[in-house]
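Participant: Before anything else, here's the structure in question.
The values are calculated or read from the model by the stated rules, or taken from the named source; none is laboratory data. Predicted model, so just to flag it, every value in this text is computed and none were measured. Neighbour counts are summed over all protein chains in view; Cβ atoms, including those assigned to glycine, are modelled from backbone coordinates with ideal geometry. Calculation scope for accessible area: heavy atoms of the full protein, side chains included, ligands and nucleic acids excluded. Shrake-Rupley method; radii C 1.70, N 1.55, O 1.52, S 1.80 Å.
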Amino acid sequence: MISTFADLLEQFKRYALSKIELDDQDIKHTVAIGDNFEGLTTELLNRAVFKDLNLKMVERSFVYNDSGVMSDELDCMLVVGDGIKMSFANRYKYHIKDVIAAIQVKKNLYANDIDDSHQNLLSIINVSEPRDAEPFVGRMHRDAYKVLTSKELPNKDRRERFSDRENLLYHYLMMEAFHPLRIVFGYYGYTSEYGLREGFVKKLETICKDGPVQGYSPGSFPSLFICGNNTIIKNNGMPMAMPLTEDEFYFHILASSNSKPMYHLLELIWTRLSYKFEISSDIFGDDFDFETVHPFLSCKERKMDETSWGWEFLYHPLTRKQLSAPLVSTPWEPTEINKDKYSILNVLTQVEFVDINSDKDFLKFIKTEKIDVEKIIKELSEARLIYIDEGKMGLLVDELYTVFTPDGKIFAGENKSGEMTSYFSKQILQNLKNE
């Protein structure tokens with residue numbers, strides 16, 4: 001469903017742009033031109049959101065907090081409810097808790113426009129202040145943490161033993177779930193993914209040439225940049241997820257793509273709406289393929305002094321040729337396992353975790369069955385079926401399904417959103433067609 005809808009939005013965007021170019025080419029007034037593109041963006045997003053959720057699109061409006069502090073004027077916002085209408089203008093003020101997404105619109109997006117949009121959207125974070133988060137924030141934080149770190153969200157006792165990196169990552173993802181989405185939407189500008197990446201990085205290098213600058217941390221970057229057909233996407237697990245590994249010095253913070261901008265926009269907004277309103281994951285359809293992206297910017301924490309931290313960024317330079325190759329989705333597949341792995345997974349469905357160093361039943365089992373436990377744990381971890389944290393092993397998937405096929409094979413995988421059910425239903429249909 002999401003792919004079909006994204007294609008329809010892409011067609012509408014092309015039609016609308018051609019109409020603007022044809023009907024309004026004689027308009028030279030800067031504000032009027034801006035209104036045209038803000039209106040188009042509003043119309044696109046109106047078509048992208050669900051009915052009966054009390055959602056609205058407002059233009060040139062503001063975000064405020066409990067203390068009355070106001071954001072900069074924001075081009076477009078996807079909001080819940082009526083807000084406060086300004087006395088003599090078709091503009092609104094919305095409390096930050098009622099803002100789903102804020103969109104800064106640019107006809108042309110180049111380096112200075114990227115930074116201007118960054119600063120504009122940063123004003124939302126600047127008006128954010130402590131408040132009781134809605135329940136969906138915790139659920140989204142947990143799922144993002146799991147998909148990026150390959151570990152279960154830790155309890156308070158475990159967090160007290162966090163390393164500095166674990167602590168920063170935990171709070172970074174918490175704030176990503178807490179803050180509204182921030183999106184930069186440029187219709188023209190850089191014509192290639194290479195140009196967008198280079199323009200972004202060179203501008204960032206210029207800004208930070210003399211050292212760390214406040215407002216340019218991983219959390220400050222917008223969730224998504226769209227420039228024509230190219231995108232820069234934040235890797236925060238909401239939903240874009242390039243998992244971190246234990247041996248990485250830097251971790252991916254931004255990725256880029258040369259296709260499907262409307263798909264990435266929809267995925268970002270629909271994910272947020274699905275958590276907030278507990279909408280079934282069926283809205284995304286039964287295609288669980290992973291969208292391939294290019295690594296763009298990574299970061300690592302850097303301790304500046306005893307009380308403050310900064311960030312180091314690492315650019316992944318790719319050539320025009322490397323970036324021009326079509327991005328091909330990776331099909332979702334279950335993991336084939338043996339009987340020993342099945343036995344371990346089966347135990348984990350019945351207990352919260354197993355201490356692999358001291359659990360007597362577990363140690364007896366691996367000794368009796370002569371299991372290479374290090375090899376099995378490594379393979380199950382790489383398959384993202386289990387996690388290990390401080391010697392404790394637990395299930396990483398929320399809804400484990402195992403399937404025994406007629407040829408004697410065993411498969412395991414996540415079925416929280418119907419992944420296993422969909423995969424094997426398609427396999428059965430394909431086998432029937434081949435008979």
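Participant: Just need a number here: residues in the range 137-173 that are in a helix (DSSP H, G or I) and open to solvent by 20 Å² or more (accessible area, probe 1.4 Å). Let's see the steps before the verdict.
Facilitator: Step one: filter the range 137-173 for residues in a helix (DSSP H, G or I), giving 137-149, 156-159, 164-173.
Narrowing the set further to residues that are open to solvent by 20 Å² or more (accessible area, probe 1.4 Å) leaves 138-139, 142-143, 147, 149, 156-159, 164-168, 171-172.
Count: 17.
Participant: Let me ask something else. I'm checking my understanding of the structure. Among residues of the range 309-333 that are in a helix (DSSP H, G or I) and touching a residue at least 40 places away in the same chain (Cβ under 8 Å), which one is surrounded by the most Cβ atoms within 10 Å (Cβ to Cβ)? Don't jump to the end; show me each part of the working.
Facilitator: Of the residues in the range 309-333, the ones in a helix (DSSP H, G or I) are 320-324.
Filter once more, keeping what is touching a residue at least 40 places away in the same chain (Cβ under 8 Å): 320, 323-324.
Numbers: R320: 11, L323: 19, S324: 12.
Checked the range 309-333; the qualifying residue surrounded by the most Cβ atoms within 10 Å (Cβ to Cβ) is L323.
Participant: Tell me which of these E267 doesn't satisfy, since it passes every other one: (1) of a type in the set (D, E); (2) within 28 Å of G138 (Cα to Cα); (3) buried (at least 23 other Cβ atoms within 10 Å of the Cβ).
Facilitator: (3)
Participant: Filter the range 250-285 for residues that are among the charged types (D, E, K, R) and within 17 Å of F221 (Cα to Cα) and give the result. I'd like the intermediate steps shown before the answer.
Facilitator: Within the range 250-285, the subset among the charged types (D, E, K, R) is 260, 267, 272, 276, 278, 282.
Once the filter is applied, which keeps residues that are among the charged types (D, E, K, R) and within 17 Å of F221 (Cα to Cα), the range 250-285 yields nothing.
Participant: Of all residues in the range 77-88 being touching a Lys or Arg at 6+ places or on another chain (Cβ under 8 Å) and open to solvent by less than 70 Å² (accessible area, probe 1.4 Å), which is modelled with the lowest pLDDT?
Facilitator: M86
Participant: Now for a separate question. Can you name the residue in the range 242-272 that is of a type in the set (V, I, T) and not in a helix (DSSP H, G or I) and is also farthest from the chain's Cα centre (by Cα) among such residues?
Facilitator: Among those that are of a type in the set (V, I, T) and not in a helix (DSSP H, G or I), it is T245.
Participant: Is it true that some residue in the range 110-118 is in a helix (DSSP H, G or I), touching a residue at least 12 places away in the same chain (Cβ under 8 Å), in contact with a Lys or Arg (Cβ under 8 Å, 6 or more places away or on another chain) and among the aliphatic types (A, V, I, L, M)?
Facilitator: The answer is yes; a qualifying residue exists.
Participant: Can you say whether Y110 is open to solvent by less than 20 Å² (accessible area, probe 1.4 Å) and either at pLDDT 95 or above or over 23 Å from the mean Cα position of the chain (by Cα) (or both), as far as the supplied structure shows? Don't jump to the end; show me each part of the working.
Facilitator: On the way: open to solvent by less than 20 Å² (accessible area, probe 1.4 Å): no; either at pLDDT 95 or above or over 23 Å from the mean Cα position of the chain (by Cα) (or both): yes.
When the stated conditions are applied, Y110 does not pass them.
Participant: Which residues, counting only those in the range 265-300, are of a type in the set (F, W, Y) and at pLDDT 90 or above?
Facilitator: To start, the set of residues in the range 265-300 that are of a type in the set (F, W, Y) comprises 270, 275, 277, 284, 288, 290, 296.
Listed by number, the residues that qualify are W270, Y275, F277, F296.
Participant: If you scan the range 385-423, which residues turn out to be free of Cβ contacts under 8 Å to residues at least 40 places away in the same chain and open to solvent by less than 40 Å² (accessible area, probe 1.4 Å)?
Facilitator: Selection gives G391, V397, T405, E414, N415.
Participant: Considering P243, P239, P261, which residue is buried (at least 22 other Cβ atoms within 10 Å of the Cβ) and at pLDDT below 95? Show your work before the answer.
Facilitator: On the way: P243 fails: buried (at least 22 other Cβ atoms within 10 Å of the Cβ); P239 fails: buried (at least 22 other Cβ atoms within 10 Å of the Cβ).
The match here is P261.
Participant: What number of residues in the range 89-103 are open to solvent by 70 Å² or more (accessible area, probe 1.4 Å) and either touching a residue at least 40 places away in the same chain (Cβ under 8 Å) or closer than 25 Å to Y275 by Cα (or both)? Spell out how you get there, then give the answer.
Facilitator: Just the residues of the range 89-103 that are open to solvent by 70 Å² or more (accessible area, probe 1.4 Å), to begin with: 90, 97.
From what's left, either touching a residue at least 40 places away in the same chain (Cβ under 8 Å) or closer than 25 Å to Y275 by Cα (or both): 97.
Of the residues in that region, 1 qualify.
Participant: Let me ask another. Among T30, T41, T4, which is polar (S, T, N, Q), open to solvent by less than 20 Å² (accessible area, probe 1.4 Å) and at pLDDT below 85? Break it down stepwise before answering.
Facilitator: Details: T30 fails: open to solvent by less than 20 Å² (accessible area, probe 1.4 Å); T4 fails: open to solvent by less than 20 Å² (accessible area, probe 1.4 Å).
None of the other options fit; the residue is T41.
Participant: One residue is enough: does the range 353-361 have a residue meeting the conditions surrounded by 17 or more Cβ atoms within 10 Å (Cβ to Cβ), closer than 24 Å to E419 by Cβ and in contact (Cβ under 8 Å) with a residue 40 or more places away in the chain?
Facilitator: Looking for residues that are surrounded by 17 or more Cβ atoms within 10 Å (Cβ to Cβ), closer than 24 Å to E419 by Cβ and in contact (Cβ under 8 Å) with a residue 40 or more places away in the chain, one finds at least one in the range 353-361, hence yes.
Yes/no matrix, rows are residues, columns are (1) at pLDDT 95 or above; (2) of a type in the set (F, W, Y):
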{"site": "A325", "(1), (2)": "no, no"}
{"site": "T335", "(1), (2)": "yes, no"}
{"site": "Q350", "(1), (2)": "no, no"}
{"site": "L363", "(1), (2)": "no, no"}
{"site": "G408", "(1), (2)": "no, no"}
{"site": "F424", "(1), (2)": "no, yes"}
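Participant: Let me ask something additional. Could you list, in sequence order, all residues of the range 275-327 that are under 25 Å from K426 (Cα atoms) and of a type outside the set (D, E, K, R)? I'd like the intermediate steps shown before the answer.
Facilitator: Pass one, the range 275-327, residues under 25 Å from K426 (Cα atoms): 279-292, 327.
If the condition is that a residue be under 25 Å from K426 (Cα atoms) and of a type outside the set (D, E, K, R), then I279, S280, S281, I283, F284, G285, F288, F290, T292, L327 are the ones that fit.
Participant: Next up: With respect to the numbered conditions (1) closer than 26 Å to F162 by Cα; (2) open to solvent by 60 Å² or more (accessible area, probe 1.4 Å), which one is the sole condition not fulfilled by L380?
Facilitator: In the conditions (1) closer than 26 Å to F162 by Cα; (2) open to solvent by 60 Å² or more (accessible area, probe 1.4 Å), L380 misses (2) alone.
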